Amino acid sequence: MTVGLSLGSFQAWRIVLLVLLLLAIPSSPEAGDPFGLQGRVPRTAQQGGVFALTLRPAPWIEDLRGSLDNQPLIFSDVGAGRIQALVGIDLEARGRRLLRLEANDRRGRLHAREWPIRVKPRRAAVQRLTLPRHMVELDPETATRVSEEAGRLKALWKAATPERLWRGAFLSPVISGAKPEGFGLRRIINNQPRSPHSGADYKAPQGSVVRAPNAARVALAEEQFFGGNVLVLDHGSGLYTLYFHLQDSLVKPGDLVQKGQEVGRVGATGRTTGPHLHFGVRLNGARIDPAALLQLSLQ
């Protein structure tokens, strides 16, 4: 008995073979996720919050860049083909923020992804303080001084060092075990509302050691009206830490310091009611909760 294929059956087999051949052909390397997001981007973030954005970019993309609204992100190599940037939400940010990634492939085509992030308000306590009038109502000469000192700090936030100096998790700047308190606190001084407290305070005895929470370069060390003996460390990639009211500073501008190195001592200089350390964090200009930075698991 002769067995043959009908024309219809032959055409069906041709279609099946064609599909199998197409499946066997490797897909274009440019068909996958160009950014290689590790983990996920949070849908919500608290005022003063911070998170790490880690990517494993595809080898076929070029000129990868990211931004939070109009603020560029600064990425650093963290090994194993990965890059990482810290993303900070300012203390007084409101509404929605937009995280965006862009890159070009080798053919010049643009690839982009966006994530909206809803900012959650921070519940802040209110503190009432009574201080001498000369510490609150400034004379013209002192007001000029304060303005110049604030200008020097603002200039630092705008001059982000691209090189990342820090590695791994950040340490507490004091070793007493004290917890940071007061970030975002709404202060009323002599019955006058003031800006929210942009740092965290550590209760510590006069003369207690203050250490660098991570590797950095000393960006500023000077005496200021409000902050007293002030120290600013530049950790690179737009990240700065600030130390106010120091008894003294043990480093000078330009010095490279290592994680855990002693950089100063707790004091009561400047406008303060007693010995403590005011510890602040700035990330690409955003005022960040120091406790949030210390809790991050970083590489």
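Output yes when any residue across segment 74-83 is without any contact (Cβ under 8 Å) to a residue 24 or more places away in the chain, charged (D, E, K, R) and either closer than 21 Å to ARG123 by Cα or surrounded by fewer than 18 Cβ atoms within 10 Å (Cβ to Cβ) (or both), and no when none is.
Yes, segment 74-83 has at least one match.
Could you check segment 84-110 and list, in sequence order, the residues that are open to solvent by 40 Å² or more (accessible area, probe 1.4 Å), touching a residue at least 12 places away in the same chain (Cβ under 8 Å) and part of a strand (DSSP E or B)?
Those that are open to solvent by 40 Å² or more (accessible area, probe 1.4 Å), touching a residue at least 12 places away in the same chain (Cβ under 8 Å) and part of a strand (DSSP E or B): ARG96, ARG97, LEU98, ARG100, GLU102.
Okay, residues lined up against (1) open to solvent by 30 Å² or more (accessible area, probe 1.4 Å); (2) in a strand (DSSP E or B):
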position	(1), (2)
PRO34	no, no
ARG40	yes, no
ALA45	no, yes
ALA52	yes, yes
ALA58	no, no
GLU62	yes, yes
ARG65	yes, yes
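Taking the options LEU294, LEU246, LEU233, name whichever one is out of contact with any helix residue (DSSP H, G or I) (no Cβ under 7 Å at 6 or more places or on another chain), modelled with pLDDT of 95 or more and closer than 18 Å to LEU156 by Cα.
On the way: LEU294 fails: closer than 18 Å to LEU156 by Cα; LEU246 fails: closer than 18 Å to LEU156 by Cα.
Being out of contact with any helix residue (DSSP H, G or I) (no Cβ under 7 Å at 6 or more places or on another chain), modelled with pLDDT of 95 or more and closer than 18 Å to LEU156 by Cα holds for just one of LEU294, LEU246, LEU233, which is LEU233.
What number of residues within segment 173-217 satisfy the criterion of being free of Cβ contacts under 8 Å to residues at least 24 places away in the same chain and under 13 Å from THR241 (Cα atoms)?
The qualifying residues number 0.
Based on what the data block shows, is GLY95 on the phi > 0 side of the Ramachandran plot and touching a strand residue (DSSP E or B) at 6+ places or on another chain (Cβ under 9 Å)?
Details: on the phi > 0 side of the Ramachandran plot: yes; touching a strand residue (DSSP E or B) at 6+ places or on another chain (Cβ under 9 Å): yes.
The answer is yes for GLY95.
Here are some conditions: (1) farther than 30 Å from ARG65 by Cα; (2) in a loop (DSSP other than H, G, I, E, B); (3) touching a residue at least 40 places away in the same chain (Cβ under 8 Å); (4) open to solvent by less than 30 Å² (accessible area, probe 1.4 Å). PHE226 meets all but one. Which one does it not meet?
(4)
Search segment 252-298 for residues being farther than 17 Å from GLY88 by Cα and charged (D, E, K, R), and hand back the single one that is least open to solvent (accessible area, probe 1.4 Å). Please lay out each step first, then the result.
Looking only at segment 252-298, we keep the residues that are farther than 17 Å from GLY88 by Cα, and these are 252-278.
Narrowing further to those that are charged (D, E, K, R): 252, 255, 259, 262, 265, 271.
Values: LYS252: 123, ASP255: 40, LYS259: 84, GLU262: 72, ARG265: 75, ARG271: 56 Å².
Filtering first and then ranking leaves ASP255.
How many residues does segment 114-163 contain that are within 26 Å of the chain's Cα centre (by Cα), assigned to a loop (DSSP other than H, G, I, E, B) and either of a type in the set (Ser, Thr, Tyr) or surrounded by fewer than 13 Cβ atoms within 10 Å (Cβ to Cβ) (or both)?
Residues flagged as within 26 Å of the chain's Cα centre (by Cα), assigned to a loop (DSSP other than H, G, I, E, B) and either of a type in the set (Ser, Thr, Tyr) or surrounded by fewer than 13 Cβ atoms within 10 Å (Cβ to Cβ) (or both) within segment 114-163 amount to 7.
How many of the residues making up segment 171-218 are within 19 Å of the chain's Cα centre (by Cα), outside any loop (DSSP other than H, G, I, E, B) and hydroxyl-bearing (Ser, Thr, Tyr)?
Number of matching residues: 0.
Between a residue in segment 143-161 that is modelled with pLDDT of 95 or more and any residue that is open to solvent by 80 Å² or more (accessible area, probe 1.4 Å), which pairs come within a Cβ distance under 6 Å, given they are 6 or more apart or on different chains?
Short answer, once both residue conditions are applied: none.
Is it the case that segment 164-175 has a residue that's over 27 Å from LEU73 (Cα atoms) and open to solvent by 60 Å² or more (accessible area, probe 1.4 Å)? Full working, then the answer.
Start the filter on segment 164-175 by keeping residues that are over 27 Å from LEU73 (Cα atoms), which leaves 174-175.
Now narrow it down to the ones that are open to solvent by 60 Å² or more (accessible area, probe 1.4 Å): 175.
Within segment 164-175, one or more residues are over 27 Å from LEU73 (Cα atoms) and open to solvent by 60 Å² or more (accessible area, probe 1.4 Å).
The values are calculated or read from the model by the stated rules, or taken from the named source; none is laboratory data. Here the structure is a predicted model, which means the values were calculated and not measured. Positions of Cβ are backbone-derived with ideal geometry, glycine not excepted, and every protein chain shown enters the neighbour counts. We work out accessible area using only protein heavy atoms, side chains counted, and drop any ligands, DNA or RNA first. Shrake-Rupley method; radii C 1.70, N 1.55, O 1.52, S 1.80 Å.
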